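What follows draws every value from the coordinates through simple rules; no lab data is involved. Quick caveat, the model's predicted, so the values are computed rather than measured. Glycine also receives a Cβ, built like all others from the backbone with ideal geometry; neighbour counts cover every protein chain displayed.
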Amino acid sequence: MTDCLFCKIVARQIPAEIVLETGRALAFRDINPQAPTHVLVVPKAHHENAAALAAADDGLADDLLTACHAVAVQEGVVEPGYRVVFNTGTGAGQTVFHVHAHVLGGRSLTWPPG
Ligand code: 5GP
Ligand code: ZN
């Protein structure tokens, strides 16, 4: 995808504070953090949203969730807990249409989310 913000971050054409890289995923800090830990975890391959990622059915969704947990371990937020969010669709707040998991932690997180 030539005009995708997160593809450009994956390609290192746009700078980001990268915290973890695996064979198929990249994790970097959100530019507008909503918690002390707010990391975005993206597949290097372009998929529009979580449903498209799952439909690809090649293990990439598994890799992404594994990377999310690795980020939480690295950030020290496994205890007392962290949240993984996939905003899917504009009505849910998705603004970048390259699937990304938000890994949020480091503060008390209320439920339900806004
Ligand atoms: P969404 O709203 O699609 O679920 O999440 C997109 C996220 O990307 C937002 O939390 C936003 O702050 C973040 N974001 C937007 N532009 C950039 C950028 O250029 N760099 C980084 N690191 N994060 C970005
Ligand atoms: Zn992309």
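If I filter segment 84-96 down to residues being surrounded by fewer than 16 Cβ atoms within 10 Å (Cβ to Cβ) and touching a residue at least 40 places away in the same chain (Cβ under 8 Å), which single residue comes out as farthest from ligand 1 (Cβ to nearest atom)?
Ranking the candidates gives Gly89 first.
Please specify each residue of segment 1-38 satisfying the condition of being within 12 Å of ligand 1 (Cβ to nearest atom) and either in contact with a Cys (Cβ under 6 Å, 6 or more places away or on another chain) or closer than 13 Å to Val103 by Cβ (or both).
If the condition is that a residue be within 12 Å of ligand 1 (Cβ to nearest atom) and either in contact with a Cys (Cβ under 6 Å, 6 or more places away or on another chain) or closer than 13 Å to Val103 by Cβ (or both), then Val19, Leu26, Ala27, Phe28, Arg29, Asp30, Pro33, Gln34, Ala35, His38 are the ones that fit.
Among Thr22, Thr2, which is away from ligand 2 (no atom under 16 Å from the Cβ), over 28 Å from Gly114 (Cβ atoms) and either hydroxyl-bearing (Ser, Thr, Tyr) or in contact with a strand residue (DSSP E or B) (Cβ under 7 Å, 6 or more places away or on another chain) (or both)?
Going through Thr22, Thr2 in turn, just one is away from ligand 2 (no atom under 16 Å from the Cβ), over 28 Å from Gly114 (Cβ atoms) and either hydroxyl-bearing (Ser, Thr, Tyr) or in contact with a strand residue (DSSP E or B) (Cβ under 7 Å, 6 or more places away or on another chain) (or both): Thr22.
Give me the residue from segment 56-67 that is surrounded by fewer than 20 Cβ atoms within 10 Å (Cβ to Cβ) and within 16 Å of Val39 (Cβ to Cβ) and, out of that set, nearest to the chain's Cα centre (by Cα).
Leu65
Look through Val99, Val78 and report the one residue that is part of a loop (DSSP other than H, G, I, E, B), loosely packed, with under 14 Cβ neighbours inside 10 Å and in contact with a helix residue (DSSP H, G or I) (Cβ under 9 Å, 6 or more places away or on another chain).
It is Val78.
Considering only residues of segment 11-32 that are within 19 Å of Gln74 (Cβ to Cβ) and touching a His at 6+ places or on another chain (Cβ under 9 Å), which is surrounded by the most Cβ atoms within 10 Å (Cβ to Cβ)?
Selected residue: Asp30.
Could you list, in sequence order, all residues of segment 25-59 that are within 11 Å of ligand 2 (Cβ to nearest atom) and either under 24 Å from Ser108 (Cβ atoms) or of a type in the set (Val, Ile, Thr) (or both)?
The one that is within 11 Å of ligand 2 (Cβ to nearest atom) and either under 24 Å from Ser108 (Cβ atoms) or of a type in the set (Val, Ile, Thr) (or both): Val42.
Considering only residues of segment 39-52 that are in a strand (DSSP E or B) and over 10 Å from Val103 (Cα atoms), which is nearest to the chain's Cα centre (by Cα)?
Val42
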